Amino acid sequence: MKVIVATSNKGKKEEFSRLLKGSPLEPVFPERSLEVEEKGSTYLENALLKARAYCEEFGLPAIADDSGLEVDALDGYPGIYSSRFWKIEYGGVEEDGRSPPERNLRKLLRLLEGKPRTARFRAVVVLCTPHGSLIAEGECRGQIIDQPRGEKGFGYDPIFIPEGLSKTMAQLSPEEKDAISHRGRAVRNLLKLIRDIQPCSYPSP
Ligand code: ITT
């Protein structure tokens, strides 16, 4: 089944493409991305908003994720605000840094000075079809470090060390990241859900 990948984030596009390889879902990348206002107050609401918007616009089932980094010492922030953390009121607007991802990192490290470092990435993945939606989740626990390390991945990857490892997410190969990441886990859970419900056959209405 062809599915539109409902994201404008280049890093997520690459991950979805790898994670769906060999699965019943064939990713299709639209030529233009949609501006979807993330006005929900949960990952699930925002993932549904994105997936529904793409599904309606392109007339195909759509897969989206809403994800974020939750830091224990910051009461779960940046959470659903992860992509725009630098400019939200919590912790003050960060003007230092050349790009939004760099500003996000600087702000997080500033707020975490002298604080405990435990955190988790979370992802809620939604597959939206005209008949309804399937939802799956994944998380990856770890620690925030002081100095960014590594060039791979995106977002907060250079300052996040997954539990049990000594490298940051940005130092892992794409396959190593997929094996333990929140998005990898969420997509595999979604694929299990599809596999588990496939054998059911319902009488036609
Ligand atoms: P779309 O809404 O178009 O998918 P986005 O980047 O705005 O792109 P989100 O609203 O879900 O997506 O925000 C997720 C943010 O959380 C993302 O921009 C990163 O800052 C962070 N994040 C999520 N997954 C991550 C990962 O695997 N590695 C590093 N940072 C991640």
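Summary table below
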{"quantity": "Selection from LEU172, TYR90, HIS131 lying farthest towards where the dipole of the chain points positive, charges on Cβ", "calculated": "LEU172"}
{"quantity": "Size of charge dipole - segment 105-167 - debye, nearest 20, with Cβ of Lys, Arg +1 and Asp, Glu -1, no other charges", "calculated": "240 debye"}
{"quantity": "Estimated FRET transfer efficiency (LYS115, LYS21; beta-carbon r; R0 45 Å; 0.05)", "calculated": "0.70"}
{"quantity": "Relative packing of peptides 49-60, 142-153, 26-37 - highest average C-beta neighbours within 10 Å first", "calculated": "49-60, 142-153, 26-37"}
{"quantity": "Relative contact order [Cα under 8 Å, 6+ residues apart], the chain, whole percent", "calculated": "17 percent"}
{"quantity": "LYS152 versus LYS167: modelled label distance in nm, points set 7 Å from Cα along the beta carbon direction", "calculated": "0.5 nm"}
{"quantity": "Cα-centre dipole for segment 146-189 with unit charges at Cβ (Lys and Arg positive, Asp and Glu negative), debye to 20", "calculated": "140 debye"}
{"quantity": "The chain: calculated mean residue ellipticity at 222 nm from DSSP helix runs of at least 4, using -39500 (n - 2.57)", "calculated": "-9500 deg cm²/dmol"}
{"quantity": "Within the chain: Cβ-based charge dipole about Cα centre, in debye rounded to nearest 20 (Lys, Arg +1; Asp, Glu -1)", "calculated": "380 debye"}
{"quantity": "Pairs of Cα atoms farther than 32 Å apart, the chain, %", "calculated": "17 percent"}
{"quantity": "Label-point gap, in nm, between VAL28 and GLN198 - each point 7 angstrom along Cα→Cβ", "calculated": "2.0 nm"}
{"quantity": "Shape category assigned to segment 1-51 from the gyration tensor of Cα positions, a/c cut at 1.5", "calculated": "prolate"}
{"quantity": "Inverse of mean 1/r across different Cα pairs in segment 44-103, Kirkwood, Å", "calculated": "13.3 Å"}
{"quantity": "Residue of ALA186, ALA170, ALA73 that the Gaussian network model of the chain assigns the largest fluctuation, springs spanning Cα pairs under 10 Å", "calculated": "ALA73"}
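Bear in mind that the values in this text are calculations on the coordinates, not laboratory data. In this text the structure is predicted, and so the values were computed from the model without any measurement. So basically every Cβ, Gly included, is an ideal-geometry build from the backbone, and we count neighbours across all protein chains shown.
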